[in-house]
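Colleague: I'd like to ask some things about the structure below.
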């Protein structure tokens, strides 16, 4: 790309020649001093603090929260950013903590015998109902395929089915994982997410729902399910105390699912048949019972919000976001019980602080306001960002975009950068320009079936119509190549993701996260100097919401 360089006494700005239809390439780029504020030294320092044992895994309602939000407030103050919520850097998020303890065994009975699933190895279960105890009693099991009702894809796994009082057994992901001609092929839709399946089962009136875990379509091993469900879980406070939800929500292992099919006289081909249009739910002629005892705690967690006011259009804002929370202290693995969350997501929070420093150093200040938000409760179901979307500090109609950062730099410095949910908005075009300045390319998610676009905080902004960008670690390492990079991502997912091994000591290369953050800075800076708003692209499920 040809550029004209104008060097001034105080700074050096880059002006990109105007090209028709390429408005995102016009405008002033930030000076080099601002870019250099984003560096490995800063990442190392912030991650070292946030992912230390002292922060106890940064779980909300714990000393880890207190240390995390105080650290962020202190950093924002030191950088000279203003409080983002009136006179406060904090937005309170009312939440409920539920520690669900199910029976140690879940027994499934049929005419030909029974199958016993052991807690944590064969099943996990909990509840969102704010009640001391919930139960399933002789609840009939129904295999409901993927548990999806999607009119736009002409799909209804619950067609003609009455599941009131029953427990539905469903598959993870959506039919596109098995047949690329269905839904969006390998690109998982929200219908494939476990959160959706629980929501739909509740709408259908089911008493219980069990998702069959399978590593490939889930995109993570059983150990991730086990670690997440063995701890207390947080949720937003609802007026009905979540009595509209199914009493029991949980997962079963693929091995247990196969045993259930055999006991019910069904072939395993039923799993493949569930991916075919017109599939009808099957009564498994099995029953199960389960008791869950809950310990309930109400409290308030916090989002952290800071702002750099714009010079010309301060009411228009661009949000950078990254969740500060992780999983806290839990089940021991190799003698370690602290889930430090270095990559997930001390890297994103460090990027947030590095960006704040860079914007403060920019000689030519942004014309729109830049808002920095670090959310609570992402690991518990995107709670903090959901609360913000429902109670926005800054009007949704004046929010230009959300740029979200989560789990950065896994494959080091790369020639590419991943755009999750590719094809959603014009922010991707801005990202392409910024990548080209670095001699890089943007690529689609290498594992689109993981549905990562629906698994981090930007998703709640998208749901209210705000164009949202979520980039991920590239995989084509500049020294070692693409296969090596893919192996780093696979190894992290298998061995460190949501495990005590995700600690600061395991990060030895900051170059990738530095380069990616500089790219996102360039993107947001250009947005901050413009008067237009990026739009959703045709075919995006969020386009109509914004236009409304």
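Colleague: Evaluate the following for residue 267: is it in contact with a helix residue (DSSP H, G or I) (Cβ under 8 Å, 6 or more places away or on another chain), in the same structural domain as residue 291 (by TED's automatic domain parsing), more than 17 Å from residue 209 (Cα to Cα) and in a loop (DSSP other than H, G, I, E, B)?
Modeller: yes
Colleague: Residues that are outside the structural domain of residue 199 (by TED's automatic domain parsing) and touching a strand residue (DSSP E or B) at 6+ places or on another chain (Cβ under 8 Å): which strands (runs of 3 or more DSSP E) entirely in the range 82-132 hold 2 or more of them?
Modeller: Strands (runs of 3 or more DSSP E) meeting the threshold: 90-102.
Colleague: Going by the conditions given, is residue 396 surrounded by fewer than 23 Cβ atoms within 10 Å (Cβ to Cβ), farther than 30 Å from residue 299 by Cα and either out of contact with any helix residue (DSSP H, G or I) (no Cβ under 7 Å at 6 or more places or on another chain) or not assigned by TED's automatic domain parsing to the domain that holds residue 498 (or both)?
Modeller: no
Colleague: Collect the residues in the range 331-379 that are touching a residue at least 24 places away in the same chain (Cβ under 8 Å), assigned to a loop (DSSP other than H, G, I, E, B) and closer than 19 Å to residue 503 by Cβ, keeping them in residue-number order.
Modeller: 334, 340, 341, listed by residue number.
Colleague: I'd like the full set of residues that are more than 19 Å from residue 317 (Cα to Cα) and either outside the structural domain of residue 315 (by TED's automatic domain parsing) or in contact with a helix residue (DSSP H, G or I) (Cβ under 9 Å, 6 or more places away or on another chain) (or both), limited to the range 520-539.
Modeller: Of everything in the range 520-539, just one residue is more than 19 Å from residue 317 (Cα to Cα) and either outside the structural domain of residue 315 (by TED's automatic domain parsing) or in contact with a helix residue (DSSP H, G or I) (Cβ under 9 Å, 6 or more places away or on another chain) (or both), namely 537.
Colleague: Within the range 329-338, does at least one residue satisfy the condition of being touching a strand residue (DSSP E or B) at 6+ places or on another chain (Cβ under 6 Å), crowded, with 24+ Cβ neighbours inside 10 Å and outside the structural domain of residue 131 (by TED's automatic domain parsing)?
Modeller: no
Colleague: For the range 357-383, what are the residues that are in contact with a strand residue (DSSP E or B) (Cβ under 9 Å, 6 or more places away or on another chain), surrounded by 21 or more Cβ atoms within 10 Å (Cβ to Cβ) and within 21 Å of residue 517 (Cβ to Cβ)?
Modeller: Of everything in the range 357-383, those that are in contact with a strand residue (DSSP E or B) (Cβ under 9 Å, 6 or more places away or on another chain), surrounded by 21 or more Cβ atoms within 10 Å (Cβ to Cβ) and within 21 Å of residue 517 (Cβ to Cβ) turn out to be 359, 366, 368, 369, 370, 371, 372, 373, 374, 375, 378.
Colleague: Limited to the range 306-330, what total is found for residues that are closer than 18 Å to residue 366 by Cα and either assigned to a strand (DSSP E or B) or in contact with a helix residue (DSSP H, G or I) (Cβ under 6 Å, 6 or more places away or on another chain) (or both)?
Modeller: Total meeting the criteria: 12.
Colleague: With a cut-off of at least 1 residues that are without any contact (Cβ under 8 Å) to a residue 12 or more places away in the chain, name the helices (runs of 4 or more DSSP H) lying wholly within the range 448-548.
Modeller: So the answer is 482-495, 543-547.
The values are calculated or read from the model by the stated rules, or taken from the named source; none is laboratory data. Only a predicted model underlies this, so the values are computations on that prediction, with no experimental measurement involved. No Cβ is skipped: glycine too gets one built from the backbone with ideal geometry, and neighbour counts run over all protein chains shown.
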